[in-house]
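Peer 1: The structure that follows is given in the form of structure tokens.
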Amino acid sequence: IYGSPYPSHFFETDEELGTLIEQTVMSWVKKYYDLDTLSREQYVSAIQKQTVEDYLDGFVTCGKYEAFIDSFAAQCTAPQGLHKMPLIGVAGAGKRAAAAYFSKRLKEKGVVSNIVQYYFEDDCDKQGIEDAVNYLTASIEAQFGPLQTDSYSYRYSLPDVLNRLLRYVTAVPDDKPWVLSLGGVHLLPKEDFESWVKFVSLVPRPVIVFFTSGHRSDNRP
């Protein structure tokens, strides 16, 4: 790392690494945005956009990754092929960065034209769920225009906030595939984690879903 044009930092614990990442991301956000004048929605949007740029900038691909995503792309376009990919691994393995990169590659390969994504961070909480749904529904409307959501069949097994998101997802015209990428769902409290997994199970074709999770936490698979 010596002589590198990029700044370097040293850490010994996960907590120190998390603090370094938070400080770095916030320094980028403060460079381009006046936090005192941002609304909550604008703040979340700024953080998410910078997070995705950081993931893509730091992701190093290889032949195995490219073959992997090529194989999945073929599944996505097959009539009965897979269209949901969980990325599960230990902390720090780069799952969220991989999800962001795989989403980008599907767009570059022409499999999809639209990507809707949200990545939870280590300090997410109940408010974080509202932030995520508000950001995702706004992203869907920004990319697909006004949607007719009145015909949605209410899913009583989901919390209201996720029913709202599923209403938008199912209202998008189903003539072309698009990506929904959700990172770090295991960082949510157990009951919210289970609700998001149930939500993912209900997302229909032609939506292609990436979602990432750690191995086990709070005795949950």
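Peer 1: Considering only residues that are open to solvent by 100 Å² or more (accessible area, probe 1.4 Å) and either farther than 18 Å from THR137 by Cβ or touching a residue at least 40 places away in the same chain (Cβ under 8 Å) (or both), which ones fall in region 38-49?
Peer 2: Scanning region 38-49 gives ARG40, GLU41.
Peer 1: Only one of these conditions is not met by ALA97: (1) within 21 Å of LEU165 (Cβ to Cβ); (2) buried (at least 19 other Cβ atoms within 10 Å of the Cβ); (3) hydrophobic (A, V, I, L, M, F, W, C). Which number is it?
Peer 2: (1)
Peer 1: Would you point out which residue out of VAL60, VAL29, VAL52 is of a type outside the set (D, E, K, R) and open to solvent by 60 Å² or more (accessible area, probe 1.4 Å)?
Peer 2: Working: VAL29 fails: open to solvent by 60 Å² or more (accessible area, probe 1.4 Å); VAL52 fails: open to solvent by 60 Å² or more (accessible area, probe 1.4 Å).
Only one candidate passes the filter, namely VAL60.
Peer 1: In region 76-87, which residues are open to solvent by 60 Å² or more (accessible area, probe 1.4 Å) and at pLDDT below 90?
Peer 2: THR77, PRO79, GLN80, LEU82, listed by residue number.
Peer 1: Between VAL197, VAL169, which is among the aliphatic types (A, V, I, L, M) and open to solvent by 50 Å² or more (accessible area, probe 1.4 Å)?
Peer 2: Of the residues listed, the single one that is among the aliphatic types (A, V, I, L, M) and open to solvent by 50 Å² or more (accessible area, probe 1.4 Å) is VAL197.
Peer 1: Moving on. Within region 128-144, is there a residue that is open to solvent by 50 Å² or more (accessible area, probe 1.4 Å), at pLDDT below 90 and closer than 29 Å to THR19 by Cα?
Peer 2: Scanning region 128-144 turns up at least one residue that is open to solvent by 50 Å² or more (accessible area, probe 1.4 Å), at pLDDT below 90 and closer than 29 Å to THR19 by Cα.
Peer 1: Consider only pairs whose beta carbons are under 7 Å apart and that are at least six residues apart or on different chains; among these, list those whose first residue lies in region 85-102 and is among the basic types (Lys, Arg) and whose second residue is open to solvent by 30 Å² or more (accessible area, probe 1.4 Å).
Peer 2: Final answer for the pair search is ARG96/TYR55.
Per-residue answers, yes or no, for (1) farther than 29 Å from ASN134 by Cα; (2) modelled with pLDDT under 90; (3) touching an Asp or Glu at 6+ places or on another chain (Cβ under 8 Å); (4) part of a helix (DSSP H, G or I):
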site: GLY18; (1), (2), (3), (4): no, yes, yes, yes
site: MET26; (1), (2), (3), (4): no, yes, no, yes
site: LYS64; (1), (2), (3), (4): yes, no, no, yes
site: ALA73; (1), (2), (3), (4): no, no, no, yes
site: SER103; (1), (2), (3), (4): no, no, no, yes
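Peer 1: Is there any pair with a first residue in region 19-33 that is over 14 Å from GLN48 (Cα atoms) and of a type in the set (Val, Ile, Thr) and a second that is open to solvent by 80 Å² or more (accessible area, probe 1.4 Å) and not in a helix (DSSP H, G or I) whose Cβ atoms are under 9 Å apart and which are 6 or more apart or on different chains, and what are they?
Peer 2: THR19/PHE11
The values are calculated or read from the model by the stated rules, or taken from the named source; none is laboratory data. The shown structure was predicted, so the numbers you read here are calculated from the model rather than taken from an experiment. Counting neighbours? That spans all protein chains shown, and the Cβs are built from the backbone with ideal geometry, glycine included. What goes into the accessible areas is simple: the full protein's heavy atoms, side chains included, and nothing from ligands, DNA or RNA. Shrake-Rupley method; radii C 1.70, N 1.55, O 1.52, S 1.80 Å.
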